[in-house]
Structure formats: structure tokens, C-alpha cells
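A short write-up of the structure that comes next.
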Amino acid sequence: MTSKAFQPAATALIVAIFIAAVLILQPLMRGARADFTEQQLYTLSDGTRNVLRGIDEPVDLTFVYTRRVGQDFPAVRAYATRVRELLDAYKAVAGPSLRIREIDPEPFSEAEDEALAAGIVAVDTDGNDPLYFGLIGGNTVDDERVIPFLAPEQEETLEYDLTRLIARLDRPEPPVVGVLSTLQGMSGDGRDSGYTFLREIAKGFTLEEINEDFFSLPEDMDVLIMVHPPELNDWQAWLVDQFLLRKG
């Protein structure tokens, strides 16, 4: 065989091998992702992965985005792409337990009615039509939770907010967190006062303040937070020790 005749045959063989390799590896690599961003924007935290793998009943997420209006705002358009990619990453981990869809609420459409009924915010723009850009979450017992507007400036907390929404839908009754502290900012239920740390916890958990002279700990408590606690007597120390042994 001459070199001129050999070259096309070799090229065809290489192409055939490449196509065969792609067909073989594609099912194996379907859930694989590589993250080369400086801040690891597309790498899910261990906590998120644990939540997604532990979903008991299917959770539905509806991404609400007015594409035509969003195209006029580069920051919104770029953030919408980020949200989609993050949802894809969630889906790759959760599998069939997480069902995702996207709706485009054009004016006077069923999608707009659905968005408004769920509580998605209609943001006024310079044009005639509003911008809808949020998330609706639901579960099998018709509980619903909403992120009314996905603000691009809050991108750093996107994974946290989304994971918290899914966790609350998977477990409608939030875990009970007991707080034992002598600091004034660590008192209360975290809703109207207290440190920012405490208020953030209150968004996803039920806080229960434990008095300094406690004789027993709440029976339904899932987590105990001790920040600058009072000096414990022998009985209180034993109660804390027993809680740690039971709850780990």
C-alpha cells in the first residue's frame, strides 16, 4: 500500500476509534465534572452532597426566568447561566430524587400565573414587561418554599440558600438547635434580634434557648451549640455528656 493510500485509511481508523471511545465512555462520565474556576464555583460542598444523597421523597425545583427580559441585563443573564449549571450539578448528585424544570413567565401566560401564585417577585424594568428570576421548590406533600428573587450580588450564598431550601422540603419539620451561652447576642429565637450568626441559623432551624440554670435539656433537641457557656455543675455536665453520647 502506498503512503498516499495509507493516509486516508489511517485517518478513518483514528476517527472510528475516537467515536467508539466516546460512545463507550459517555455513560461512565455522565456525572463527572471538572471545576477549574479560582473559587471552585461548581464544586459542591460535602454538606450539599449529603443533603442531596439523603433525599427521602422526590423534591421538585422550578427555575423561573424571563429569558427575553433577562437578555437586556448582562449580570442577570450571566447569573441565570450560573444557576442552571448549579442545578445541573445538583441533579447529577441527587439523581431521580430531584426533579428540575424551567419556566419562562411571559406576560399573561400560565407560567406567569404560576410564578405570581408562588410568590416570585415581578421586578420592574425599563421596558414594558417585568423580570421574573427566582426558584420554586415543592415536595410530595404539597409543601412549597420559594426564593422570590435571585439577586446576582448574592451569588456567594447561592449554594447555601438552595441547599437549605431542599433540606427544608425533604424534612418539613426543621431540626431543633439548643443554644447555651452567656452572651447577650446569643439569646432569643434569632428572628428579631441577636448576632447575624444566630439569625442565619434561625432561617433553617428551630432555635431553643437553654437557661444557664437548666436542670434538663430539651428532649427533641437535635444539635447543641455552646458559645461561652456558663460554668456547669456536675449534673449539667453529665446531661451534656449524655447528649453527646446519644447524638454524636
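A short reminder: the numbers here are calculations on the coordinates, not readings from a lab. Computed from a prediction, not measured in an experiment: that's the story for all the values here. Ideal geometry is used to build each Cβ from the backbone, glycine not excepted, and the neighbour counts take in all protein chains shown.
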Report the charge-dipole magnitude of segment 41-192 in Debye, nearest 20, computed about the Cα centre from +1 at each Lys and Arg Cβ and -1 at each Asp and Glu Cβ.
600
Return the sequence-ordered ³J(HN,Hα) values of segment 114-121 in whole Hz as given by the Karplus equation 6.51 cos²θ - 1.76 cosθ + 1.60 applied to θ = phi - 60°, using x for Gly and Pro.
5, 5, 5, 5, 7, x, 5, 7
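Just to verify a number: FRET efficiency for Ala78 and Glu57, C-beta to C-beta distance, R0 = 45 Å, to 0.05? Could the numbers behind the result be given before it?
On the way: r = 34 Å, r/R0 = 0.75.
Efficiency at R0 = 45 Å is approximately 0.85.
Calculate the translational D of segment 192-248 in whole µm² s⁻¹ from Stokes-Einstein, where the hydrodynamic radius comes from the Kirkwood formula applied to all Cα pairs, the temperature is 37 °C and the viscosity 0.692 mPa s. Show your work: numbers first, answer last.
Details: Rh = 12.7 Å.
The diffusion coefficient I find is 258 µm²/s.
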Local electrostatic count at Val69 - Lys and Arg +1, Asp and Glu -1, tallied over other residues with Cβ under 11 Å:
-3
10 Å-binned pair-distance histogram of segment 121-235 (Cα, whole percent)
12, 32, 29, 17, 8, 2, 1
May I have the convex hull volume per residue, in Å³, for the Cα set of segment 84-150?
96
For Ile100, enumerate residues with amide H under 5 Å from its amide H, sequence gap 5+ or separate chain, H modeled in the peptide plane.
Leu61
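Evaluate E = 1/(1 + (r/R0)^6) for Val227 and Asp143, where r is the Cβ-Cβ distance and R0 equals 35 Å; express this FRET efficiency to the nearest 0.05. Intermediate results must be reported in sequence, preceding the final value.
Working: r = 32 Å, r/R0 = 0.90.
Step by step, r from the Cβ atoms, then E = 0.65.
Round to the nearest 0.05 the FRET efficiency obtained for Thr43 and Glu219 when R0 = 35 Å and r is the Cβ-Cβ distance. Intermediate results must be reported in sequence, preceding the final value.
Details: r = 38 Å, r/R0 = 1.09.
Plugging the Cβ-Cβ distance into 1/(1 + (r/R0)^6) gives 0.35.
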What are the ³J(HN,Hα) couplings of segment 144-159, residue after residue, when phi is run through the Karplus curve with 6.51, -1.76, 1.60 and θ = phi - 60°? Round to Hz, x for glycine and proline.
9, 9, 9, 9, x, 8, 8, 6, x, 6, 9, 4, 4, 9, 4, 4
Starting from the Cα of Arg68, step 7 Å along the direction of its Cβ; do the same at Glu114; then give the gap between the two resulting points in nm.
1.8
In square nanometres, what is one fourth of the surface area of the convex hull spanned by the alpha carbons of segment 52-192?
10.5
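Report the convex hull volume per residue for segment 154-220, counting only C-alpha atoms, in Å³. Please list the in-between numbers first.
Working: hull volume 5.7 nm³, N = 67.
Here the figure is 85 Å³ per residue.
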Segment 66-110: proportion of alpha-carbon pairs further apart than 12 angstrom, %
68
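Restrict the search to segment 192-238; then list the GluC sites (Glu not before Pro) that DSSP places in a loop and that have at most 14 other Cβ atoms within 10 Å of their Cβ. Walk me through the intermediate numbers first.
Working: sites: Glu200, Glu208, Glu209, Glu212, Glu219, Glu231; in loops: Glu212, Glu219, Glu231.
Passing sites in segment 192-238 are Glu212, Glu219, Glu231.
Can you list the chymotrypsin sites (Phe, Trp or Tyr not before Pro) in segment 119-211 that are in a DSSP coil and have 13 or fewer other beta carbons within 10 angstrom? List each step's numbers first, then the result.
On the way: sites: Tyr132, Phe133, Phe149, Tyr160, Tyr195, Phe197, Phe205; in loops: Phe149, Tyr195, Phe205.
Answer by residue number: there is no such site.
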At what distance in nm do the modelled label points of Glu212 and Thr125 sit from each other, each positioned 7 Å from its Cα along Cα→Cβ?
5.6
